[in-house]
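Structure first, then comments.
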Amino acid sequence: MKTDFEWIQYFKTIVPEEITSTRWEHCLRVAGFAETLSSIHSYPNPEKAYLVGILHDITKQKKNEFHLKYFEKEPSPEYDKIPKEAYHAFSAPIYLKHDFGYHDEEVLSAMRIHTLGKKDMSLLQKIIYASDFLGSEYAEKQTDLPVWIRKTEENLNFGIYLKAMKTLNNLIETRNTIHDDTIVTYNQAVLALKES
């Protein structure tokens with residue numbers, strides 16, 4: 001059985017073959033933020049957080065047919081409710097299990113929520129959700145990024161709020177429907193920030 005470090009070394013050879021170099025660079029940034037935020041916010045396994053970071057978008061650039069094929073391997077009624085833009089978050093864990101024999105449910109569950117969010121996220125899920133925003137191309141281009149990083153290091157809910165807000169704004173601007181999990185994620189982050 002491989003350690004998290006061994007899985008990291010293994011998947012560092014696999015993931016770059018599955019996505020573009022730009023997307024891989026994003027994954028490495030997310031992994032770096034996840035590792036750092038783990039240490040700051042007392043998640044006990046920063047290596048595992050780093051691993052989620054490099055894995056989370058492994059199926060991001062696959063076609064819809066790919067996602068649907070993997071959904072058939074593990075059918076769930078929730079697939080009918082998720083937007084196509086979030087398919088990769090749900091197909092990736094199935095892909096990892098069936099094609100690579102990877103079964104750490106803590107890692108796989110953090111991958112599942114990194115796009116839509118979720119009610120009452122675990123610490124690792126929160127770290128990955130916030131890291132996905134901080135490591136995004138959008139965030140990288142913003143002059144406020146150093147402030148966003150500092151505030152997320154001070155309070156993880158700030159990074160969650162940032163991502164949920166950006167997602168909501170994008171969906172509203174493009175007149176797309178909003179998944180219930182994203183609304184719940186935003187509301188929980190805002191309430192947590194008010195209470196802190």
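Quick rundown of the values:
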| item | result |
| --- | --- |
| Only listed residue being outside any helix (DSSP H, G or I), in contact (Cβ under 8 Å) with a residue 12 or more places away in the chain and not β-branched (Val, Ile, Thr), chosen from LEU124, LEU116, LEU108 | LEU116 |
| ASP99 vs. criteria of a type in the set (D, E, K, R) and not in a helix (DSSP H, G or I) | no |
| Residue check, THR22 loosely packed, with under 13 Cβ neighbours inside 10 Å, under 24 Å from GLU140 (Cβ atoms) and touching an Asp or Glu at 6+ places or on another chain (Cβ under 9 Å) | yes |
| Total residues in region 19-44, condition assigned to a helix (DSSP H, G or I) and either among the aliphatic types (A, V, I, L, M) or within 17 Å of the chain's Cα centre (by Cα) (or both) | 18 |
| Cβ pairs under 9 Å, 6+ apart, first in region 66-85 and under 21 Å from ASN176 (Cα atoms), second assigned to a helix (DSSP H, G or I) and open to solvent by 100 Å² or more (accessible area, probe 1.4 Å) | HIS67/LYS84; LYS81/ASP180 |
| Which listed residue, of GLU35, GLU18, is under 23 Å from PHE158 (Cβ atoms) and either in contact with a His (Cβ under 8 Å, 6 or more places away or on another chain) or of a type in the set (Asp, Glu) (or both) | GLU35 |
| Those residues of region 73-82 which are open to solvent by less than 50 Å² (accessible area, probe 1.4 Å) and either outside any helix (DSSP H, G or I) or charged (D, E, K, R) (or both), in sequence order | SER76, ILE82 |
| Any pair with Cβ under 7 angstrom, 6 or more apart, that starts in region 32-48 at a residue that is open to solvent by 40 Å² or more (accessible area, probe 1.4 Å) and ends at one that is in a loop (DSSP other than H, G, I, E, B) | PHE33/GLY135 |
| Hits in region 84-99 - residues which are surrounded by fewer than 18 Cβ atoms within 10 Å (Cβ to Cβ) and within 21 Å of MET1 (Cβ to Cβ) | LYS97, HIS98, ASP99 |
| Some residue of region 106-115 being at pLDDT 95 or above, among the acidic types (Asp, Glu), open to solvent by 60 Å² or more (accessible area, probe 1.4 Å) and more than 13 Å from the chain's Cα centre (by Cα) | no |
| Residue under evaluation HIS98, criteria (1) over 19 Å from HIS67 (Cβ atoms); (2) modelled with pLDDT of 95 or more; (3) not aliphatic (A, V, I, L, M), criterion not met | (1) |
| Region 1-18 - residue that is of a type in the set (Ser, Thr, Tyr) and assigned to a helix (DSSP H, G or I) and, of those, surrounded by the fewest Cβ atoms within 10 Å (Cβ to Cβ) | THR13 |
| Subset of region 150-193 (residues that are touching a residue at least 40 places away in the same chain (Cβ under 8 Å), open to solvent by 40 Å² or more (accessible area, probe 1.4 Å) and β-branched (Val, Ile, Thr)) | THR177, VAL184 |
| Output for region 12-24, where each listed residue is in contact (Cβ under 8 Å) with a residue 60 or more places away in the chain and hydrophobic (A, V, I, L, M, F, W, C) | ILE14 |
| Residue identified as open to solvent by less than 60 Å² (accessible area, probe 1.4 Å) and either over 14 Å from the mean Cα position of the chain (by Cα) or on the phi > 0 side of the Ramachandran plot (or both) among TYR102, TYR129 | TYR102 |
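The values are calculated or read from the model by the stated rules, or taken from the named source; none is laboratory data. The model shown is predicted, which means the values in this text are computed figures rather than measured ones. Neighbour counts are summed over all protein chains in view; Cβ atoms, including those assigned to glycine, are modelled from backbone coordinates with ideal geometry. When the accessible area is computed, the model is the full protein with side chains, heavy atoms only, and any ligands, DNA or RNA have been set aside. Shrake-Rupley method; radii C 1.70, N 1.55, O 1.52, S 1.80 Å.
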